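Quick notes on the structure that follows.
Any read-out appearing in this document is the output of simple, stated calculations on the displayed coordinates, not a laboratory observation. Every value quoted in this text rests on a predicted model; they were computed, and no experiment measured them. Glycine also receives a Cβ, built like all others from the backbone with ideal geometry; neighbour counts cover every protein chain displayed.
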Amino acid sequence: DVVMFVFRESYYLKNKEPRPATVEHAEWQAKMNEISHLAELLILKQRHGPTGTIMLEFEEMFTKFKDIQNN
């Protein structure tokens with residue numbers, strides 16, 4: 001048995017866009033730029049293995065998840 005969830009903070013933050021040309025909008029845009037390509041794979045139950053969180057890179061254009069490339 002395995003229970004996993006995918007969480008993308010940007011999905012929820014996108015719906016909370018402040019009015020343009022405000023300080024809040026600039027802060028929101030900076031946060032979106034920082035997190036828009038990230039996703040968390042939450043492994044909450046695994047009968048024969050570990051649980052935890054795996055950070056992934058998300059390509060929205062292709063709905064594709066992949067390992068994060070470290071530079």
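With charges set only on the Cβ (+1 for Lys and Arg, -1 for Asp and Glu), what does the dipole of the chain come to about its Cα centre, in debye to the nearest 20? If you can, show how the numbers build up before the last one.
On the way: 9 positive and 11 negative charges, 43 e Å.
It works out to roughly 200 debye.
Rounding to the nearest 10 and keeping the result within 0 to 90°, find how far the Cα-based axis of helix 23-35 lies from the longest principal axis of the chain.
The helix 23-35 is inclined about 30 degrees to the chain.
Can you tally the lysine pairs in the chain where the Cα-Cα distance is under 22 Å and the two residues are eight or more apart, or on different chains?
Summing the qualifying lysine pairs gives 7.
Determine, for Phe58, Phe5, Phe65, the number of other Cβ atoms within 10 Å of each Cβ, and report the residues in order from fewest to most.
Phe5, Phe65, Phe58
Counting each DSSP H run of 4 or more residues in the chain as -39500 (n - 2.57), what helix-only mean residue ellipticity at 222 nm follows after dividing by all residues, to the nearest 500 deg cm²/dmol?
Result for the chain: -7000 deg cm²/dmol, rounded to the nearest 500.
Using Cβ contacts closer than 10 Å as the measure, can you line up His48, His25 from fewest to most?
His48, His25
With a 10 Å Cβ neighbour count serving as the proxy for reagent exposure, in which order, fewest first, do Val2, Val23 appear?
Val23, Val2
Quick one: what Rg and Dmax do you get for the chain from the alpha carbons, in Å?
15.2, 52
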